[in-house]
1. Identify which of Gly57, Gly187, Gly47 has the largest mean-square fluctuation in a Gaussian network model of the chain, with springs joining Cα atoms closer than 10 Å.
2. Straight-line reach only, C-alpha to C-alpha below 19 angstrom: list the lysines that Lys252 could link to, leaving out same-chain residues fewer than 8 apart.
3. First select every other residue whose beta carbon is under 11 angstrom from the beta carbon of Asn38; then total the charges, Lys and Arg +1, Asp and Glu -1.
4. Could you check the simple spin-label distance between Gln263 and Arg183, using points 7 Å along Cα→Cβ, in nm with one decimal?
5. Of Lys74/Lys282; Lys18/Lys74; Lys93/Lys251; Lys85/Lys253; Lys93/Lys139; Lys2/Lys251, which sit over 30 Å apart, Cα to Cα?
6. Kirkwood Rh, the stretch 1-160, all Cα pairs: how many Å?
7. Can you work out the Karplus-derived ³J(HN,Hα) for every residue in the stretch 26-35? Use 6.51 cos²θ - 1.76 cosθ + 1.60 with θ = phi - 60°, whole Hz, and x for glycine or proline.
8. How many angstrom separate the Cα center of the stretch 227-291 from the Cα center of the stretch 89-159?
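Values in this text are rule-based calculations from the coordinates and carry no lab data. No experiment lies behind these values; they were computed from the predicted model shown. With ideal geometry, Cβ positions are generated from the backbone for all residues, glycine too; neighbour counts draw on all protein chains shown.
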Amino acid sequence: MKYISTSALSKEINMSSKDLFIFFKEKGWIYKKDGDWNLSKEGSIAGGKTQYTPKFGEYIVWPSNIDINQNVSKDDSLSSTLIGKEFQLSAIKVNALISELGWIEKSNVGGWNITRFGKKQGGVEMTSSTGIPYVIWNKSILTNKSFNRSINGVKQENIIEKLSNSESDKTDEFRLKYPAEYRTADGHRVRSRAEVIIDDYLYHNRITHAYERRLPLEDDDVLSDFYIPGGNVFIEFWGIEENEQYQERKKKKLEIYAREGFQLIELNNSDIASLDDVLPRKLRSYGIKVN
């Protein structure tokens, strides 16, 4: 996304710079303090952000394709605390769930940065008065299917109805045929001895991971084998290569990974015997440190 200054935007839309500043002020997107223009919460929700250069200092920029006539309100946005109140969860737990979905990631200065997946879900990154980033969300997150699935997994409640599309049905058949009867070192229950080896490797190398995490998709109910929130990386272990139905399922999943641009590590049976060599190399290619 290309961002431009308010003055540059005024030229793009054939409005004087002075009139555009007044227009944004009247909409409540910017306000003046100590002689300088500042971005309001509504302005951030609309798409604005601040930028710094040594020459001009800090100034406000906007998406070059911004709809200046859109109506936004901070009342339409929710913090992790308010989301937590809706589901009787703490803000810490809400952020952890959203992080596992790949919508936010830990900031180097504390707080949370939004990811490109989070932006697609309507999240907006803000900065507190102390300089710590955090993310607010459109109210639509309360009914978002991916988020509610995560909530359901934590609370073991039927918050949303189960999807009944063909992909979901095939996933259920697979899970019934291969029950999670193997326990890992960190307490996960997985579906094969190979998955035990993968899970234990991640655990012993202190790599935070989730097992059978649903992909952050609104219209597809697809499970990944493993998800590493620290690098927004999914892991798929392809262990039943000779099965035709399994191959079709694999093909569809790979198409989704490619279509959505998800970062994916693929492992097969031949990789398991040399996992100590194969997996670290694949993890490092996505910037994940291995102890």
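1. Between Gly57, Gly187, Gly47, it is Gly57 that shows the largest mean-square fluctuation.
2. Lys170
3. Values: positive: Lys25, Lys32, Lys33, Lys41; negative: Asp34, Asp36, Glu58.
Around Asn38, the surrounding residues sum to +1.
4. A separation of 3.3 nm, rounded to one decimal place.
5. Values: Lys74/Lys282 42 Å; Lys18/Lys74 25 Å; Lys93/Lys251 34 Å; Lys85/Lys253 35 Å; Lys93/Lys139 18 Å; Lys2/Lys251 35 Å.
Distance filter (> 30 Å) returns Lys74/Lys282; Lys93/Lys251; Lys85/Lys253; Lys2/Lys251.
6. On the way: mean 1/r = 0.0585 Å⁻¹.
For the stretch 1-160, the Kirkwood estimate is 17.1 Å.
7. Using θ = phi - 60°, the values come out as 5, 6, x, 7, 9, 8, 9, 9, 6, x Hz.
8. 24 Å
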